[in-house]
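These notes are about the structure you will find just below.
The values are calculated or read from the model by the stated rules, or taken from the named source; none is laboratory data. Quick caveat: nothing in here was measured; it's all calculated off a predicted structure. Cβ placement follows ideal geometry from the backbone for every residue including glycine, while neighbour counts extend to all protein chains displayed. When the accessible area is computed, the model is the full protein with side chains, heavy atoms only, and any ligands, DNA or RNA have been set aside. Shrake-Rupley method; radii C 1.70, N 1.55, O 1.52, S 1.80 Å.
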Amino acid sequence: MKFKTLILSILLILFPWISNSQNTQDPEKFFGFKPGADYQLFNYEKLIDYLYLVDKSSGMVQMVEIGKSPMGKSIYALFISSEENIKNLEKLAEINKKLALDYTLSDTEQTELVKTGKVFVLATLTMHSSEVGPTQALPLIVHQLITDKSEATKKILNDVVYMATPCHNPDGMNMVVDYYYKTKGTKFEGSSYPGLYHKYIGHDNNRDFVTLTQSDTKAISDLTSTKWFPQVMVEKHQMGYTGSRYYVPPFYDPIAENIEPELYAWTSIFGHNMLNDMTALGFKGISQNNAFDNYWPGSTETCIWKNVISFLTEAASVKLAKPIYIEPSELSGGGKGLPENKKGINNLAPWEGGWWRLSDIVALEVASTISMLNTSYIYKDKILKYRNDVCKQQVEKGKSQPPYYFIIPQKQADLSELVSLVELLKEHGVWVYKLKSNITLNSYNYNEGDIVVPLAQPFRMFVKEVLEVQKYPERKIIAGGDIISPYDITSWSIPLHKGLTCHQIDTKYPELESNIQQITDKYSLAINTSNSKYVLLSSSNNQSYQIVFELLSKGITIERTLENISINGDLIAAGSFIVENSSKTKDVLEKATFPIYQIETTNNLKITSIKHPRIALINPSIQSTDAGWTRFVLDTYGVKYSILTPAEVENLDIKTKFDVILIPNTSASILKEGKQKRNNQLIPADYPTEYTKGMGSKGVENILKFVNDGGIVISWEASTELFEGTLSINQPNYKEEFILPFRNAGDAIERAGLKCPGSLIRIKLNNESPITWGLGNEIGIFYRGRPAFTTQIPNLDMDRRIIGYFGDDNLLISGYLKGEEYLVKKSAIIWMQKGKGQLVLMGFSPIFRASVPVTYKLLFNSIFLYQ
């Protein structure tokens with residue numbers, strides 16, 4: 001509060017006119033332009049300054065800090081309602097919590113809470129920072145709500161609390177605004193921001209609401225999972241230029257089958273009311289039931305699985321703040337559910353083209369927001385009652401129909417990921433328990449400490465969705481036609497993606513329910529180490545690598561075992577780490593959440609010393625989301641690395657500076673030419689030239705020379721194309737030409753009929769390779785159908801080994817796969833030698849969205865090949 005007061009005092013000195021409360025609320029006077037004006041944008045700090053001033057001048061407004069962005073900016077929730085409601089926010093939040101979680105409320109208690117409670121409508125704005133309209137509209141929404149003295153608005157704000165995150169992604173907002181002004185007045189004005197508009201993950205911040213890896217995601221998720229429990233939530237987006245002008249619910253198929261029908265019905269009510277209200281105001285091009293499905297969790301609307309009436313809206317974009325003119329012939333429907341821009345049930349009043357401006361988007365955002373608030377007012381009692389009714393319904397379903405529980409045995413290969421799973425579920429507001437004593441269920445012996453997640457809890461839909469195996473529903477527009485493609489991915493089972501065994505229990509066991517206790521404290525499986533001379537960290541645990549990287553960065557000597565060993569009857573996988581137990585290592589070792597083995601001597605153990613190699617990560621200046629996720633995983637695990645742009649690779653003597661090069665999933669044309677390729681043609685970029693320089697043929701040759709001289713390259717998905725075909729290295733007296741002993745069959749098997757739209761696929765592993773240390777005989781990889789490798793007998797100074805390959809059948813673990821026969825005899829991971837160096841190529845991302853920890857070890861072990 002002191003900081004807030006200081007900021008306000010400074011602003012009052014700089015802008016004396018704002019001391020008048022009426023002027024304080026005038027956005028145009030504060031910003032110097034009306035939000036939405038052509039060629040004008042405000043940044044995050046200016047927005048927050050305005051909102052704090054409104055907070056100070058009006059009893060109808062309150063700002064609450066809810067977290068920090070990945071780059072350290074404060075994230076807020078803004079509340080607007082009647083002065084009485086704002087005074088009683090905490091009390092109203094308690095009512096929300098009771099309605100959301102208390103399934104024991106009597107009818108009388110429920111009726112009283114419904115009577116005294118208010119509908120909280122949460123709007124999260126501009127998570128995708130190029131979609132500037134929602135946040136730019138917020139000051140106008142605020143101004144309208146607190147200055148409109150009509151009886152209609154008073155009634156709305158007496159029964160409804162508007163709750164907004166002014167900007168879901170403050171870091172990205174400033175990046176985009178700064179870039180817009182940097183290019184303003186040049187031919188690049190209005191072009192897309194070249195990099196990731198986030199510290200790490202760019203557009204994928206709308207894919208993080210299951211795994212909760214980012215601090216901004218956590219802050220937003222907490223609003224619906226553990227703190228404020230709003231009944232309604234909308235995520236405000238923008239879409240392309242030439243489709244409908246505004247999308248509102250209902251969703252398109254397929255939809256998540258675990259969601260209750262009433263929740264979908266409520267989203268449709270809000271959508272139809274927006275359509276009605278906005279059409280009545282004269283807006284054109286409002287579409288619904290097209291393009292956007294609600295099948296996969298991961299977006300902000302994941303809270304619908306937690307009983308929140310949640311949905312998204314999408315406005316047609318402009319070039320940031322630069323208007324665009326659209327010819328009628330350029331308008332299209334936009335795909336699923338809206339094949340053309342003509343009058344139809346999903347597009348009742350088509351927009352006919354012309355100028356499209358940021359002010360048009362802002363006007364749509366204001367109108368849609370007022371409509372949602374009005375709908376919440378109209379159905380206030382029904383919405384609040386439904387929130388508690390669905391809570392009771394979910395608990396009752398958990399008691400009366402399968403599945404009844406998920407049990408995750410404590411005996412797992414990766415205990416650190418078991419701990420991570422428990423803590424993640426708790427962060428989601430899920431009730432997690434453990435067995436108090438051993439129990440036998442259906443001839444299976446479960447042990448004290450095994451994790452139990454009952455389905456009889458308010459967030460039952462979410463529990464079932466993220467713990468079960470996914471099976472994509474084959475929905476078709478017409479009988480016999482093609483299935484409707486998923487909007488994003490088809491697998492997200494947290495246990496499977498972590499490599500954990502999880503049992504779905506479809507029989508009710510009262511003896512189990514009386515034998516569990518809830519885990520409320522921080523969960524850990526750590527066992528304190530004694531004064532043994534050494535400790536051993538199993539390579540089966542992901543956290544072992546995190547600890548080892550931190551110790552290596554401190555200069556601590558680390559050894560790895562070269563074979564499996566047995567300690568106290570436990571078989572410890574090869575590649576495990578031996579660390580001296582000393583005052584220098586104690587603080588780091590105490591971070592372990594899994595048991596650490598104690599040993600007194602390393603005699604008779606086959607071991608080798610390891611060091612932290614010098615790592616370069618090739619990260620294009622043009623958006624590379626997978627590279628951003630790679631940076632996040634490396635930073636999380638304490639891996640030290642340097643970033644190289646493709647342009648820097650061209651003339652760099654790589655071997656003198658680095659030992660290992662990582663090349664994440666980026667198209668080869670971006671890496672080589674700095675441009676995307678479509679239909680075998682390079683597409684001119686609309687970025688300034690400093691962002692579009694690739695490494696060229698010389699850069700590729702530089703990487704090959706690096707390998708030939710003893711370096712290691714780890715490349716995955718699209719970037720592996722760099723190493724296909726005829727390659728060359730200019731040697732002192734001749735040009736060496738060669739073809740590495742592999743081929744990518746991905747295009748061929750896709751044409752043949754393979755369909756794998758982001759699924760967990762089983763591969764078998766070569767256990768003789770150190771790349772697979774800490775893993776079993778097979779694992780699941782997150783696979784999207786390409787690349788798929790074949791190998792051949794090598795020539796010259798080359799060699800190859802298949803590290804991971806697709807079996808003959810039963811490949812699908814979770815998601816969707818058609819044409820698995822085309823993957824038979826294809827490889828997903830290959831190791832190659834060229835000269836003194838090595839290449840590891842993977843047909844999948846080992847770090848995909850930081851959501852498949854089961855494959856992290858493949859990356860870390862590949863890094864440690866250099867010793």
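Here is how the numbers come out for the structure above:
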{"read-out": "Table column - 3J(HN,Hα) (Hz), the range 308-325, Karplus curve with 6.51, -1.76, 1.60, x for Gly and Pro", "value": "8, 6, 10, 6, 10, 10, 9, 9, 5, 8, 10, 8, 6, 10, 9, x, 10, 10"}
{"read-out": "Rough spin-label spacing in nm, given labels placed 7 Å along Cα→Cβ, for D506 and K46", "value": "6.0 nm"}
{"read-out": "Most positive-pole-ward Cα, A123, N564, S583, against dipole of the chain from beta carbon charges", "value": "S583"}
{"read-out": "Projected area, mean over directions - the range 610-665, Cα convex hull, nm²", "value": "4.1 nm²"}
{"read-out": "Links that overshoot a 28 Å alpha carbon limit, given the list K227/K640; K98/K591; K411/K764; K498/K655", "value": "K227/K640; K98/K591; K498/K655"}
{"read-out": "Sites matching trypsin sites (Lys or Arg not before Pro) across the range 359-453 that sit in DSSP coil, with at most 14 neighbouring C-beta atoms within 10 Å", "value": "K411, K436"}
{"read-out": "Table column - 3J(HN,Hα) (Hz), the range 126-140, Karplus curve with 6.51, -1.76, 1.60, x for Gly and Pro", "value": "6, 5, 8, 5, 6, 8, 6, x, x, 6, 5, 7, 4, x, 5"}
{"read-out": "Normalised alpha carbon radius of gyration of the range 114-220 [divisor 2.2 N^0.38 Å]", "value": "1.34"}
{"read-out": "R0 of 56 Å, Cβ-Cβ distance N767-T104: FRET efficiency to nearest 0.05", "value": "0.60"}
{"read-out": "Gain on full stretching of the segment that runs from K591 to Q517 - 0.36 nm per residue minus C-alpha separation", "value": "24.1 nm"}
{"read-out": "Per residue value of the accessible surface for the range 139-280 (all protein chains in place, 1.4 Å probe), Å²", "value": "29 Å²"}
{"read-out": "Overall Cα dimensions of the range 406-541 - principal axes, largest extent first, Å", "value": "69, 39, 30"}
{"read-out": "Cα-based Kirkwood hydrodynamic radius, the range 733-867, one decimal, Å", "value": "15.5 Å"}
{"read-out": "Square roots of 5 times each gyration tensor eigenvalue, C-alpha, the range 101-140, largest first, Å", "value": "38, 12, 4"}
{"read-out": "Subset of K705/K735; K554/K611; K284/K343; K46/K87; K426/K464; K554/K657 violating a 22 Å alpha-carbon distance limit", "value": "K46/K87"}
{"read-out": "In Hz, Karplus ³J(HN,Hα) per residue of the range 238-243 (6.51, -1.76, 1.60; θ = phi - 60°; x = Gly, Pro)", "value": "10, 10, x, 8, 10, x"}
{"read-out": "Among S244, Y197, G753 - extreme Cα towards positive end, dipole of the chain, charges at beta-carbon", "value": "Y197"}
{"read-out": "Ellipticity estimate at 222 nm from DSSP helix runs (n ≥ 4, -39,500 (n - 2.57)) divided over the chain, nearest 500", "value": "-9000 deg cm²/dmol"}
{"read-out": "Label-zone membership for the range 498-526, site K399, 7 angstrom Cα→C-beta point, backbone N under 19 Å", "value": "506-518"}
{"read-out": "Whole-number D in µm² s⁻¹ for the range 23-74, Kirkwood Cα-pair radius fed into Stokes-Einstein, 37 °C, 0.692 mPa s", "value": "265 µm²/s"}
{"read-out": "Whole-Å distance, taken between Cα centres, linking the range 443-457 and the range 697-772", "value": "44 Å"}
{"read-out": "Gained length - N438 relative to N651, 0.36 nm times residue gap less alpha-carbon distance", "value": "70.3 nm"}
{"read-out": "Quarter of the Cα convex hull surface for the range 544-690, i.e. its orientation-mean projected area (nm²)", "value": "12.4 nm²"}
{"read-out": "Accessible area of the chain belonging to carbon and sulfur atoms, whole % at 1.4 Å probe", "value": "48 percent"}
{"read-out": "Debye equation applied to the C-alpha atoms of the chain, log10 I(q)/I(0) at 0.05, 0.07, 0.11 Å⁻¹", "value": "-0.30, -0.60, -1.44"}
{"read-out": "Reduced Cα scattering model of the range 156-308, Debye log10 I(q)/I(0), q = 0.16, 0.19, 0.21 Å⁻¹", "value": "-1.12, -1.37, -1.45"}
{"read-out": "Span from the the range 378-429 Cα centroid across to the the range 262-297 one, whole angstrom", "value": "28 Å"}
{"read-out": "Rounded tilt (10° steps) of 44-57 against the dominant C-alpha axis of the chain", "value": "40 degrees"}
{"read-out": "Value of Rg to Rh for the range 654-804 (Rh from inverse mean 1/r over Cα pairs, i.e. Kirkwood)", "value": "0.98"}
{"read-out": "Surface per residue (accessible, 1.4 Å probe) for the range 560-623, Å²", "value": "51 Å²"}
{"read-out": "Length added when fully stretched, Y181-E330, from 0.36 nm per residue minus Cα-Cα", "value": "50.8 nm"}
{"read-out": "Farthest toward positive dipole pole in the range 497-653 [+1 Lys/Arg, -1 Asp/Glu at C-beta], among Y641, Q623, N531", "value": "N531"}
{"read-out": "Cα principal axis extents for the range 449-494, largest first, Å", "value": "49, 18, 15"}
{"read-out": "Per-q log10 I(q)/I(0), the range 525-579, q = 0.13, 0.15, 0.18, 0.31 Å⁻¹ (Debye; single scatterer per alpha-carbon; no solvent)", "value": "-0.32, -0.43, -0.62, -1.38"}
